[in-house]
Amino acid sequence: MSRIGQKPIAVPDGVAVSVADFVVSAKGPKGELAHRLHRDIGAVVEGREVRVTPRRQSKKSAALWGLTRSLIANMVEGVDRGFRKELEYEGIGFRAQLDGQTLIFQLGFSHPVRFSSPQGIMLGIEKNVITITGVDKALVGETAARIRALKPPEPYKGKGIRYRGEVIRRKAGKKAITAAS
């Protein structure tokens, strides 16, 4: 029995959720998303809430029940409010600029690094902070991880791209050895 799967999903005003042919669709002020259900999981819209139920009792359907409920809840939240991730870049000579929906980085390499955003993701830059927004939580997180992977923070000086608020554990560098007298 899934504790997460049993909870109903509240549908806020301005968001429409429908279920047809194993596809759950959510439409709101920020956009539109759809999710295909597994054949062992069902979903029903009852008034202003969505309930997810297993169609048969098996180990797999028990595992998918809570996952499906979380995915649908993220869809509803995404089309209503959207999702946002922020990254910071730090380092001497590190720069980023936005050209349409393409980020162009100077990250200490011999060449500029270009990053094109996927469909449905909006990028923004202010000082040394990159903002990633969109309606799909998984796509926003994946885009942030791909940008961070361009130059992960290193542990000695902390240079690189990191999530805003991420703490980088620092290592001590080489220490000078004093001559014995």
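The values are calculated or read from the model by the stated rules, or taken from the named source; none is laboratory data. What you are looking at is a predicted structure, and each value in this text was computed from that prediction instead of being measured. So basically every Cβ, Gly included, is an ideal-geometry build from the backbone, and we count neighbours across all protein chains shown.
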Per the filter on the stretch 54-89, residues polar (S, T, N, Q), surrounded by fewer than 17 Cβ atoms within 10 Å (Cβ to Cβ) and touching a residue at least 40 places away in the same chain (Cβ under 8 Å) are Ser70
Subset of the stretch 46-69, residues closer than 21 Å to Lys137 by Cβ and either of a type in the set (Gly, Ala, Ser) or outside the structural domain of Gly14 (by TED's automatic domain parsing) (or both), comes to Ala63, Gly66
If we take the stretch 33-107, then strands (runs of 3 or more DSSP E) inside it with 1 or more residues that are within 17 Å of the chain's Cα centre (by Cα), under 30 Å from Val167 (Cβ atoms) and of a type outside the set (D, E, K, R) are 83-90
Note on the stretch 11-33: residues touching a residue at least 40 places away in the same chain (Cβ under 8 Å), surrounded by fewer than 17 Cβ atoms within 10 Å (Cβ to Cβ) and on the phi < 0 side of the Ramachandran plot are Pro12, Lys27, Pro29, Glu32
When the stretch 150-166 is checked residue by residue, the ones that are in a loop (DSSP other than H, G, I, E, B), under 19 Å from Glu86 (Cα atoms) and at pLDDT 90 or above are Leu150, Lys151, Pro152, Pro153, Glu154, Lys159, Arg164, Gly165, Glu166
Worksheet item: Is the stretch 109-132 home to any residue that is polar (S, T, N, Q), modelled with pLDDT of 95 or more, touching a Pro at 6+ places or on another chain (Cβ under 7 Å) and outside the structural domain of Lys27 (by TED's automatic domain parsing)?
Response: no
Across the stretch 134-181, the tally of residues that are without any contact (Cβ under 8 Å) to a residue 40 or more places away in the chain and touching a Lys or Arg at 6+ places or on another chain (Cβ under 7 Å) stands at 3
Going by what's in this entry, would Pro112 be described as exposed (fewer than 14 other Cβ atoms within 10 Å of the Cβ) and in contact with a helix residue (DSSP H, G or I) (Cβ under 7 Å, 6 or more places away or on another chain)?
no
